[in-house]
Amino acid sequence: MISIGIWFIFLAVVIHVYIWVLESFLWTKPKTTKLFGISHKDAVVSKQLAFNQGFYNLFLAIMTAIGAFTFLVGHVDVGYALLVAGTGSMIFAGLLLLLTDRTKRRAALVQFVAPAIGIVLIALG
């Protein structure tokens, strides 16, 4: 069960790195504005905020990846603590998005489902 959980954790890492790229570097591109459901004008106005938010996603991905690696090499307590911190932030941010903006349901699910499955499987394993 733990190995399947780790695969979901790494999927969450990849998703959050992808979100970082979208928010920090591709925010005003037409495909990105369509994906996030915002106008080009709003994207231009919010570009600096999105850039900063993107880095939060990158830092969560890094913390989670380090946690997974640390866990896998045998430092289970430290690795698990980092995994809970990283995935917990991903999960709660996704749930907050879901609860505050129903139009962003798909984005919220993408953000929190993989880390939630991953950490639950690791906890059960």
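Values computed for the structure shown
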{"read-out": "Whichever residue in segment 10-36 is open to solvent by less than 90 Å² (accessible area, probe 1.4 Å) and either in a loop (DSSP other than H, G, I, E, B) or of a type in the set (D, E, K, R) (or both) and, among such residues, is farthest from A116 (Cα to Cα)", "value": "T28"}
{"read-out": "Evaluation of L58 against (1) more than 18 Å from the chain's Cα centre (by Cα); (2) surrounded by 13 or more Cβ atoms within 10 Å (Cβ to Cβ) (one fails), failing number", "value": "(1)"}
{"read-out": "Counted residues, segment 37-58 - those being of a type in the set (A, V, I, L, M, F, W, C), touching a Ser or Thr at 6+ places or on another chain (Cβ under 9 Å), part of a helix (DSSP H, G or I) and free of Cβ contacts under 8 Å to residues at least 12 places away in the same chain", "value": "0"}
{"read-out": "Close pairs from segment 94-105: first farther than 15 Å from F36 by Cβ, partner in a helix (DSSP H, G or I) and among the charged types (D, E, K, R), Cβ under 9 Å, at least 6 apart", "value": "L98/K104; L98/R105"}
{"read-out": "Condition met for I4 (open to solvent by 80 Å² or more (accessible area, probe 1.4 Å), in contact (Cβ under 8 Å) with a residue 40 or more places away in the chain and assigned to a helix (DSSP H, G or I))", "value": "yes"}
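Yes/no matrix, rows are residues, columns are (1) more than 19 Å from M1 (Cβ to Cβ); (2) open to solvent by 30 Å² or more (accessible area, probe 1.4 Å):
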{"position": "G67", "(1), (2)": "no, no"}
{"position": "I91", "(1), (2)": "no, no"}
{"position": "T103", "(1), (2)": "yes, yes"}
{"position": "G125", "(1), (2)": "no, yes"}
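So that you can scan it fast, the table gives a plain yes or no per residue for (1) at pLDDT below 95; (2) small (G, A, S):
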| position | (1), (2) |
| --- | --- |
| L35 | yes, no |
| S46 | no, yes |
| L49 | no, no |
| V73 | no, no |
| V84 | no, no |
| A116 | no, yes |
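The values are calculated or read from the model by the stated rules, or taken from the named source; none is laboratory data. All figures in this text were calculated on a predicted structure; none of them were measured in a lab. With ideal geometry, Cβ positions are generated from the backbone for all residues, glycine too; neighbour counts draw on all protein chains shown. All accessible areas refer to the heavy atoms of the entire protein, side chains included, with ligands and DNA or RNA removed. Shrake-Rupley method; radii C 1.70, N 1.55, O 1.52, S 1.80 Å.
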